[in-house]
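See below for the structure under consideration.
The values are calculated or read from the model by the stated rules, or taken from the named source; none is laboratory data. Nothing here was measured: the structure is a model prediction, and the numbers come from that model. Glycine also receives a Cβ, built like all others from the backbone with ideal geometry; neighbour counts cover every protein chain displayed.
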Amino acid sequence: MSDNRRSFLKKSALLGLTGLAGGLIGKESINNLEAVSNQLSSSDPLFVLPKLPFAYDALEPFIDKKTMEIHHTKHHQGYIDKLNAERKKSNINMDADDAGKCMSVDSKTSDLIRNNLGGYYNHCLFWTLLKPNPERKENRPVGKLAEAITKDFKFPEELQKEFSEKANKIFGSGWCWLIADEKNNLKVVTTSNQDNPLMKVVPENGRPVLVLDLWEHAFYLKYQNRRPEYISNWWHLINWEMADKLFTGK
Ligand SMILES: [Fe+2]
């Protein structure tokens, strides 16, 4: 990967975790995310659980309070605890920022670091790309991202159709992503386990724009085997303003 490409991916991928959240979420959450960023820049980083930019019950009726609470405090925290315990035993550069760490994951990286770094990073992105919508208001892409979706998919509904089909086809646990390449072309891809499109170990790299958690812990309490219903309802909750910022890097 060239330095330009690395820089390009890193710039955008970082935005989901730090400064970009500024205009979209509360001051407390901003401070918390900045604290995360500062800690990650130290030579001996301690990974910490970011606060959610909304209450656990704020995503009702689409994602229930209990699921959100367990997902955040148990699952996300669990990846962080394991990552902290193993962070000094990896082949990746822990001085790099979050995205840089993910981009250095290769075939020599231990499964433990690969899975828990991905678990940490993917969930941070996932939270920032969610937005309460209890009144089920129409929720459509905005800004430059909306234009790019029109260019590459013709209609947002076509993106939704392709994304949902690929999400539904994931066998076992994984994530579905909308990614952008260096020329801002959009593509829907999936990853297994806690891999993400920044890692060298996946077949298609790109900077994340949207992401959906397809692990059963994300939906099973409410939806049981009805994963398609969970996927369909997630479209009500997408934070398109944040997705646009991830896309444009501004
Ligand atoms: Fe998850």
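Laid out as a table, the results:
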| item | result |
| --- | --- |
| Filter result for residue 118 (under 20 Å from the mean Cα position of the chain (by Cα) and either without any contact (Cβ under 8 Å) to a residue 24 or more places away in the chain or within 16 Å of the ligand (Cβ to nearest atom) (or both)) | yes |
| Residue pairs meeting the criteria (Cβ under 8 Å; at least 6 apart or on separate chains; first under 20 Å from residue 183 (Cβ atoms), in segment 137-164; second surrounded by 13 or more Cβ atoms within 10 Å (Cβ to Cβ) and among the small types (Gly, Ala, Ser)) | 141/243; 145/243; 148/180 |
| Some residue of segment 180-195 being assigned to a loop (DSSP other than H, G, I, E, B), within 16 Å of the ligand (Cβ to nearest atom), more than 23 Å from residue 233 (Cα to Cα) and in contact with a helix residue (DSSP H, G or I) (Cβ under 8 Å, 6 or more places away or on another chain) | yes |
| Test set (1) within 16 Å of the ligand (Cβ to nearest atom); (2) closer than 23 Å to residue 243 by Cβ; (3) not hydrophobic (A, V, I, L, M, F, W, C) - residue 61 fails condition number | (1) |
| Given (1) within 16 Å of the ligand (Cβ to nearest atom); (2) touching a Leu at 6+ places or on another chain (Cβ under 6 Å), number of the condition residue 227 does not satisfy | (2) |
| Residue list for segment 64-91, restricted to those being outside any loop (DSSP other than H, G, I, E, B), surrounded by 18 or more Cβ atoms within 10 Å (Cβ to Cβ) and away from the ligand (no atom under 16 Å from the Cβ) | 87 |
| Only listed residue being assigned to a loop (DSSP other than H, G, I, E, B) and at pLDDT below 95, chosen from 53, 61 | 53 |
| Residue in segment 144-167 that is buried (at least 19 other Cβ atoms within 10 Å of the Cβ) and within 16 Å of the ligand (Cβ to nearest atom) present | yes |
